[in-house]
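The values are calculated or read from the model by the stated rules, or taken from the named source; none is laboratory data. Just so it is clear, the model here is predicted, and its values are computed rather than measured. No Cβ is skipped: glycine too gets one built from the backbone with ideal geometry, and neighbour counts run over all protein chains shown.
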Amino acid sequence: MCKELLPKIAVRPRGRDNAFLPSKPGTENMREILSVIALTGLISTPVLAGQPAVGEMAPGFQLLDQNGKSHAIEDYRGQWLVMYFYPKDDTPGCTTEACAFRDDFFKFRKMGVAILGVSLDDVESHAEFAEKYHLPFPLLADTDKRTATTYGVLRNYGVVKLSSRQTFLIDPEGRIAKHYGKVDPETHSGQLQADIKSLMYATTEDAQPQM
C-alpha cells in the first residue's frame, strides 16, 4: 500500500556570514522544490505547444523504459492504451497514482489495456521508482522533453520544467479517444476503467450490422 505523505522540506544550512550555503543538486533537492510547488500552489506556464485533440492520431514517440527497452506508439496498435504523464518519480501524488495503476494492473490487462507512465526522469530514476513500489508497467524516460512537448503537457515553473499530470486514452487505431486535463491521483484508475468499458461498448454497438 502506498501512503501519500508530503516530504519534509530541509532547511538549508548557513555559513559564518549567515548566508545560505549552496544547495546540493540531486533527487532530494528536486523533491524539496516539488514540495514547495505543491504547498505554495506556484503557478506554471505552459511551454508553447498545442495538444492533440480527441479524434486525432496520437503523436509518435520512441522512448526507453526503466529496463532500457524501447517503446513506440506503433507497438500498441490494436489495443487500448493509457498514456499518463506525471511530474516526478517518488513524489506524493505521483506515487499514489502509480500505485493505483499497479493495484488495478490485472483489471486493465483483462480488458486488453496497456499502461504507460511518462515523465522527464531518466531511466535510472524510473528503475528505482518501479523497484521501490513494484510497478509492473513501463515508465518511459522523456529526458529530452520532446514527447511532453508534442502532447502539450510540458510546464515551466521557473525553477524547473515538468510534465503536468495529464492522461491520454488512445484507441486501438492510434487515435486520441479521451483526454484528461485534470487528474485526481486517487480516483483516476477507476475513472479510466469505467470510461474504457463505456467506449468499448459504444464501439461494439457501432460495429453491429443494421437490421
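Structure values in brief
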{"quantity": "Per-region count, region 144-168, residues in a strand (DSSP E or B), within 12 Å of residue 120 (Cβ to Cβ) and of a type in the set (Ser, Thr, Tyr)", "calculated": "1"}
{"quantity": "Where a residue in region 120-136 is surrounded by 18 or more Cβ atoms within 10 Å (Cβ to Cβ) and in a loop (DSSP other than H, G, I, E, B) and its partner, wherever it lies, is at pLDDT 95 or above and among the aromatic types (Phe, Trp, Tyr), with Cβ under 9 Å and at least six apart", "calculated": "121/129; 135/101; 135/105; 135/129"}
{"quantity": "Region 79-102 residues that are over 17 Å from residue 142 (Cβ atoms), paired with ones that are among the aromatic types (Phe, Trp, Tyr) and surrounded by fewer than 22 Cβ atoms within 10 Å (Cβ to Cβ) (beta carbon under 8 Å, 6 or more apart)", "calculated": "95/133; 99/133; 101/108; 101/137; 102/133; 102/137"}
{"quantity": "Single condition residue 151 does not satisfy, out of (1) within 24 Å of residue 59 (Cβ to Cβ); (2) surrounded by fewer than 19 Cβ atoms within 10 Å (Cβ to Cβ); (3) of a type in the set (Ser, Thr, Tyr); (4) at pLDDT 95 or above", "calculated": "(2)"}
{"quantity": "Test result for residue 144, within 18 Å of residue 59 (Cα to Cα) and surrounded by fewer than 23 Cβ atoms within 10 Å (Cβ to Cβ)", "calculated": "yes"}
{"quantity": "Residues (within 14 Å of the chain's Cα centre (by Cα), part of a loop (DSSP other than H, G, I, E, B) and not polar (S, T, N, Q)) located in region 66-95", "calculated": "86, 87, 88, 89, 90"}
{"quantity": "Checklist (1) farther than 16 Å from residue 131 by Cα; (2) in a helix (DSSP H, G or I) applied to residue 63, failing item", "calculated": "(2)"}
{"quantity": "Any chance residue 62 is of a type outside the set (Phe, Trp, Tyr) and over 24 Å from residue 190 (Cα atoms)", "calculated": "yes"}
{"quantity": "Filtered residue count, region 169-205, keeping only those that are of a type in the set (Gly, Ala, Ser), free of Cβ contacts under 8 Å to residues at least 24 places away in the same chain and assigned to a helix (DSSP H, G or I)", "calculated": "3"}
{"quantity": "Exclusive hit being crowded, with 18+ Cβ neighbours inside 10 Å and either modelled with pLDDT of 95 or more or more than 19 Å from the chain's Cα centre (by Cα) (or both), set 98, 10, 19", "calculated": "98"}
{"quantity": "Residue satisfying all of: in region 173-202; small (Gly, Ala, Ser) and either closer than 21 Å to residue 120 by Cα or in contact with a Phe, Trp or Tyr (Cβ under 9 Å, 6 or more places away or on another chain) (or both); surrounded by the fewest Cβ atoms within 10 Å (Cβ to Cβ) among these", "calculated": "181"}
{"quantity": "Region 103-119 - residue that is part of a helix (DSSP H, G or I) and free of Cβ contacts under 8 Å to residues at least 40 places away in the same chain and, of those, surrounded by the most Cβ atoms within 10 Å (Cβ to Cβ)", "calculated": "105"}
{"quantity": "Flag for residue 170 being crowded, with 21+ Cβ neighbours inside 10 Å, of a type in the set (A, V, I, L, M, F, W, C) and in contact with a Phe, Trp or Tyr (Cβ under 9 Å, 6 or more places away or on another chain)", "calculated": "yes"}
